[in-house]
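Some notes on the structure that comes next.
The values are calculated or read from the model by the stated rules, or taken from the named source; none is laboratory data. From a predicted model like this one, the values you see are computed outputs, not experimental measurements. Cβ placement follows ideal geometry from the backbone for every residue including glycine, while neighbour counts extend to all protein chains displayed.
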Amino acid sequence: MKKSSIVIAGGGSTFTPGIILMLLENLDRYPLRSIKFYDNDAERQKVIAEACEIIVKEKDPSIEFLQTTDPETAFTDVDIVMAHIRVGKYKMRELDEKIPLKYGVVGQETCGPGGIAYGMRSIQGVLELVDYMEKYSPNAWLLNYSNPAAIVAEATRRLRPNSKLINICDMPISIENNFVEILGFKKHSDIITRYYGLNHFGWWTDIRDQDGNDLMPKLREYVSKNGYLVQTDLEEKKQHSDESWNATYKKAADVQALDPDTLPNTYLKYYFFPDYVVEHTDPNYTRANQVIDTREKEVFSACREIVEKQTAEGTYMEVDEHASYIVDLAVGLTFNTYERMLLIVENNGIISNFDPTAMVEVPCLVSSNGPEPLAIGTIPTMQKGLMEQQVAVEKLVVDAWEEKSYQKLWQAMALSRTVPSVSVAKQILDDLYEVNKEYWPELV
Ligand code: NAD
Ligand code: G6P
Ligand code: MN
C-alpha cells in the first residue's frame, strides 16, 4: 500500500492534535511516511508540534515528523496538504463577532458581516498555500477546511481554476452522526443522504438506510421536537456538544419549521432568526471568548504537559473522531475509492435552476480524478431565493477583494439577510475596515 506524505497548514490550530490522533488511528487504511506542520506563527505552532511529534513517535517511529515556517521545506514532496489556517487568529475572530453586535447585528465567525470580514482576510492566505503546493509539489491535492469555506471556495474557483483543491466542511457530517444516533444506527455509513446548498447554508432532502427505507419521516418528527440534540455523554463527543452548540442544535427545530419537508443546516439559524440570535448573545463575551477560554486553553495545556513529561501517556487528548472525513477524502483521492462525500464544488448544472458558477455543497464521488458530483436537479423557490441572495453576497466579497472595491464590499454587507439596512451595513463595514487594515487589500 502506498505511504503518503502530508503537510498540515495551520499546524498551530486547536484542531491539529485531534486530527493527528485520528490519522494515527487510521494508518491501516491511510498509511503515512511523513507528517509536516506548517504555520506562519512559529511560537504557536511549536507548542502543538512538539507534543504531536511525541504522540507520532510513540505510535509509529518510522513516520518522519517535521515542523517549519518555511514554505519550501513544508510543501516539498507532499501528496496531500490539509489546510486549516485562521488568518488573524482568535483576536480577529473576536472583532468579527463583536463589531456587528454593537449595531444589533449577528456577530458570527462565518455568517453575516463577521464572515465577510474573515473572508477578506482568508483569501490571500489560502491562495498562498495553493501557490506553494503548485510550486513545490505540483501533483498534490489541497484539502481546505479554512473558513469561511464558501468565500474561499469562490475565490479559488475564480483565481486558481485549475488547481487541485477541494473545500470541505464538517458541519453536515457532524449532524449526520446525530441522525445515526437518533435513528438507532451505529455508524455513519449506515445511512445514505441527499443534501444540497451553499456552505453553511443547505438542506437534506432524503435519508435512507442501506435497504432503501425512507428515514425522513422519523427524523422529521424527532427534529421538530428536539432539533438535532441527542443524549450523548458529553465526554464522549466533545466537538459540537458544549452549551453553545447544544443551543444551536436545539434551535434546528425552529429552523426546520419553515420547510418541514427538509432538514436544515444548523447555520441557517443565523439567517432565519437573527433577532433571536442577537438577543441571546452577550456582546462582551462571544464565541471567540468561549473558545479561547475552553478549547484553546485545554489543547495548549495538554500539549505543554506532554512536552514536559516527554510522553503522551497519561495525558488526556481528544481523538477527533468526526474528523475522519478528512481521511475518507484523502483515501478516496489516493486509492480511487469512489467514496460518496459532501463537498463544495462548482455548480455547473448540478442544480439545474441555479447559477452554474456558484460554489455549492452537494454529494460527490471521490476518486483519483477528484470529486465527481451527483446531479440534484431543480430546487424549490424558497431555497433558490435564499441561496441566490447568499451566493451574491459571497461573490460580491470576492469581487471586492479582486477589485479592491469599497462599494462592492458595502453591497455584500447590505445584501446579507443578517443586516437590516444599508446604513447599518456601512457603519459595520467602516468599523471592520478600520481594524482589518493589516489584512485586507486597501479599498478604493
Ligand atoms: P487557530 O487559530 O487555533 O489555528 C489556526 C492556525 O493558522 C494558527 O496557528 C495560525 O497561526 C495559523 N495561520 C494563520 N494564518 C496563516 C497563514 N497565512 N499561513 C499559515 N498559517 C496561518 O484556529 P482553529 O479554531 O483551530 O481553526 C482553524 C481553522 O479551521 C479556521 O479557519 C476554522 O474556521 C476552520 N475550521 C473549519 C471547519 C469546517 O467545517 N470547514 C471546522 C473546524 C474549523
Ligand atoms: C463547525 C463549522 C466550522 C466552524 C466551527 C466553529 O464545525 O462547520 O466551519 O469553524 O463549527 O466551531 P467553534 O467551536 O470554533 O465555534
Ligand atoms: Mn464548516
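Side notes on the structure shown:
For (1) in contact (Cβ under 8 Å) with a residue 12 or more places away in the chain; (2) away from ligand 1 (no atom under 16 Å from the Cβ), each residue gets a yes or a no:
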residue	(1), (2)
Asp170	yes, no
Glu176	yes, no
Phe179	yes, yes
Gly184	no, yes
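- Hey, Ala9 closer than 19 Å to Gln124 by Cβ and within 16 Å of ligand 3 (Cβ to nearest atom) or not: no
- Count of the stretch 1-25 residues which are within 21 Å of Arg44 (Cβ to Cβ) and touching a Leu at 6+ places or on another chain (Cβ under 7 Å): 3
- Boolean, Lys238 is modelled with pLDDT under 95 and within 18 Å of the chain's Cα centre (by Cα): yes
- Among the residues of the stretch 1-25, those identified as in a loop (DSSP other than H, G, I, E, B) and more than 21 Å from the chain's Cα centre (by Cα) are Met1, Lys2, Lys3.
- Subset of the stretch 128-139 (residues that are surrounded by fewer than 23 Cβ atoms within 10 Å (Cβ to Cβ) and either more than 10 Å from ligand 1 (Cβ to nearest atom) or in a strand (DSSP E or B) (or both)): Val130, Asp131, Glu134, Lys135, Tyr136, Ser137, Pro138, Asn139
- Pairs, first farther than 10 Å from Leu409 by Cβ in the stretch 419-436, second of a type in the set (Ser, Thr, Tyr) and surrounded by fewer than 18 Cβ atoms within 10 Å (Cβ to Cβ), C-beta under 7 Å, six or more apart: none
- Only a single criterion out of (1) closer than 16 Å to Arg121 by Cβ; (2) surrounded by fewer than 17 Cβ atoms within 10 Å (Cβ to Cβ); (3) within 24 Å of the chain's Cα centre (by Cα) is not satisfied by Asn369, namely (1).
- Any hit, the stretch 261-277, residues being under 22 Å from Glu109 (Cα atoms), of a type outside the set (Lys, Arg) and surrounded by fewer than 16 Cβ atoms within 10 Å (Cβ to Cβ): yes
- Single residue of Ile168, Ile191, Ile182, Ile175 found to be crowded, with 16+ Cβ neighbours inside 10 Å, under 23 Å from Thr334 (Cβ atoms) and either within 16 Å of ligand 2 (Cβ to nearest atom) or over 20 Å from the mean Cα position of the chain (by Cα) (or both): Ile168
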